[in-house]
Amino acid sequence: MQNQGTIEARLATLESEARWQRDQIEIRQVIASYGPLVDVSDRLERSRILAQLWTEDGIYDIGGVRSCQGRDAIAKVFEERHFGQVPEGVCHVMGLPHVHIEGDTAVALNYTCVMRPDGDDRFYPWRVSANKWEMVRQDGKWLIHRRTNRLMTGDPDARAMLEHIDQMTPDLSPPG
Amino acid sequence: MQNQGTIEARLATLESEARWQRDQIEIRQVIASYGPLVDVSDRLERSRILAQLWTEDGIYDIGGVRSCQGRDAIAKVFEERHFGQVPEGVCHVMGLPHVHIEGDTAVALNYTCVMRPDGDDRFYPWRVSANKWEMVRQDGKWLIHRRTNRLMTGDPDARAMLEHIDQMTPDLSPPG
Amino acid sequence: MQNQGTIEARLATLESEARWQRDQIEIRQVIASYGPLVDVSDRLERSRILAQLWTEDGIYDIGGVRSCQGRDAIAKVFEERHFGQVPEGVCHVMGLPHVHIEGDTAVALNYTCVMRPDGDDRFYPWRVSANKWEMVRQDGKWLIHRRTNRLMTGDPDARAMLEHIDQMTPDLSPPG
């Protein structure tokens with residue numbers, strides 16, 4: 001039979017495991033919320049809600065566009081062309097993320113396909129890009145500290161960013 | 001050292017947390033099963049299996065097509081054109097869902113890209129749409145009570161539906 | 001008040017549940033890591049890291065290409081055309097998987113969209129395919145025993161493979 005000490009250890013292990021699993025879910029929820037939040041952002045009032053996904057001093061580094069810092073700057077970057085695209089139809093489809101958590105920080109890698117209408121009964125992938133989401137836990141909530149986005153056009157920067165997967169999967173040691 | 005009461009409270013918290021996390025997984029499993037189930041539905045026998053994902057009185061409101069209610073009506077809606085597409089190749093790719101659970105009901109938002117062949121070594125996105133999955137737990141199992149689907153062609157109805165994300169992420173309060 | 005025996009049973013249930021939920025996460029992580037790992041594989045040194053996702057005697061059966069067995073053969077299959085595509089831009093976007101676990105084995109079904117650049121500000125889906133990931137746990141780690149991939153061009157083999165969903169969702173019993 002289990003003694004009290006063993007019960008305490010088993011409870012502590014379960015609590016730590018439940019925390020890690022919840023973090024895995026919550027980080028995917030942040031990434032999954034991005035699509036609906038951006039695809040209704042047709043004005044600053046809406047893109048300011050979206051920008052709340054970042055920390056106060058968060059960075060959004062957009063491949064082929066530019067990098068901006070701070071929630072206000074991030075909210076405004078969508079003015080340039082995104083607000084005009086929303087009434088025409090624009091859809092940010094999120095690919096499956098790989099998520100690596102270390103305490104109160106985490107990194108996720110995934111792909112985004114931004115789809116746009118292409119005439120009757122047809123859409124086309126406009127931007128297909130890789131994302132590195134560097135996240136932090138603040139007041140119990142996961143926020144984006146830095147999102148780096150790179151188009152998948154063969155850009156060596158995109159590949160250098162994606163090679164971060166090696167640090168997220170350390171047991172895939174190269175053979176020999 | 002922990003006393004018995006504290007152990008009881010910790011167990012109850014862990015059990016409630018495990019239930020929530022399992023719900024998060026199970027709802028994603030329902031959404032993920034939709035693709036394989038629909039893409040082999042080339043006859044009523046198969047679309048009847050797919051329709052079991054809904055409640056008996058479930059609703060499938062298809063953007064640009066029509067709304068139907070009840071498993072039998074849902075199974076039959078695929079006769080119109082989907083059965084003919086299956087042998088030509090049709091592929092329902094599911095984007096990452098955001099899932100919000102309240103007890104025995106849940107809402108999930110995600111995007112679907114329906115891909116079709118477009119000649120040699122090429123496919124095209126035929127329907128890119130937003131989905132709102134309103135789900136209920138019945139006899140311990142998550143079923144679709146209502147699936148609303150809207151094409152992402154700039155349709156204001158699609159955007160109104162996607163703005164439900166605000167109720168799923170209440171802590172993204174608008175600044176100022 | 002709970003007695004010791006009940007606490008033991010509740011702890012054992014929670015531990016078993018946490019194991020199943022962690023397996024669900026870890027299997028998704030393997031599938032999600034495939035995209036970044038393959039899209040930086042422009043030489044054998046890199047595709048050998050990717051091949052570590054398989055068991056030593058693992059099988060990769062590629063629809064419309066060929067089947068190969070063993071990590072070395074799997075690493076080399078990417079030489080044929082994939083290494084040349086990486087500098088041009090190639091992006092393996094993973095759809096949501098459905099995952100069914102039985103002890104130390106698991107099966108996952110999902111779709112892959114391989115996107116490639118198509119001139120300025122445009123990509124196209126090159127290969128849209130269904131995947132059946134047959135996985136095993138070895139030394140506490142989930143590895144791919146066999147990945148079967150079939151193009152979604154109406155291929156009856158693809159549909160036969162996707163019908164495995166019936167065994168993964170046994171409670172979707174056909175009505176009547």
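The values are calculated or read from the model by the stated rules, or taken from the named source; none is laboratory data. Keep in mind that this is a model prediction, so the values were computed, not measured. All Cβ positions, even for glycine, are placed from backbone atoms using ideal geometry, and neighbour counts span all protein chains on display. For the accessible areas, the whole protein counts, side chains as well, though only heavy atoms, and no ligand, DNA or RNA atoms are used. Shrake-Rupley method; radii C 1.70, N 1.55, O 1.52, S 1.80 Å.
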Quick one: in the range A:119-140, which of the residues that are more than 8 Å from every other protein chain (Cβ to nearest Cβ) and acidic (D, E) is nearest to A:L53 (Cα to Cα)?
A:E134
Take the range B:119-134 and flag every residue that is within 19 Å of A:V128 (Cα to Cα) and crowded, with 16+ Cβ neighbours inside 10 Å.
B:F123, B:Y124, B:P125, B:W126, B:R127, B:V128, B:S129, B:A130
Between a residue in the range A:82-99 that is under 30 Å from C:L37 (Cβ atoms) and any residue that is at pLDDT 95 or above and part of a loop (DSSP other than H, G, I, E, B), which pairs come within a Cβ distance under 6 Å, given they are 6 or more apart or on different chains?
A:C91/B:M152; A:V93/B:G95; A:M94/B:G95; A:M94/B:L96
Please find, among A:L143, A:L109, the residue that is modelled with pLDDT of 95 or more, within 7 Å of chain C (Cβ to nearest Cβ) and in a strand (DSSP E or B).
A:L109
Would you tally the residues in the range B:26-60 being over 26 Å from B:E88 (Cα atoms) and either more than 9 Å from every other protein chain (Cβ to nearest Cβ) or surrounded by fewer than 20 Cβ atoms within 10 Å (Cβ to Cβ) (or both)?
9
When residues of the range B:135-160 are filtered for being open to solvent by less than 50 Å² (accessible area, probe 1.4 Å) and touching a residue at least 12 places away in the same chain (Cβ under 8 Å), how many remain?
13
Is there a residue being under 12 Å from the mean Cα position of the chain (by Cα), part of a strand (DSSP E or B) and under 21 Å from B:L172 (Cα atoms) anywhere in the range A:118-134?
yes
Taking the stated definitions as given, is A:S33 among the small types (G, A, S) and assigned to a loop (DSSP other than H, G, I, E, B)?
no
List the pairs whose first member sits in the range C:32-48 and is more than 10 Å from A:R159 (Cα to Cα), whose second member is of a type in the set (S, T, Y), and whose Cβ atoms are under 6 Å apart, counting only residues at least 6 apart or on separate chains?
C:S33/A:T169; C:S47/C:S41
Out of C:E8, C:E17, which single residue is at the interface with chain A (Cβ under 10 Å from one of its Cβ atoms) and open to solvent by less than 40 Å² (accessible area, probe 1.4 Å)?
C:E17
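Residues B:E88, B:E102, B:E163: which one is surrounded by fewer than 19 Cβ atoms within 10 Å (Cβ to Cβ) and more than 7 Å from every other protein chain (Cβ to nearest Cβ)?
Answer to the check: B:E102.
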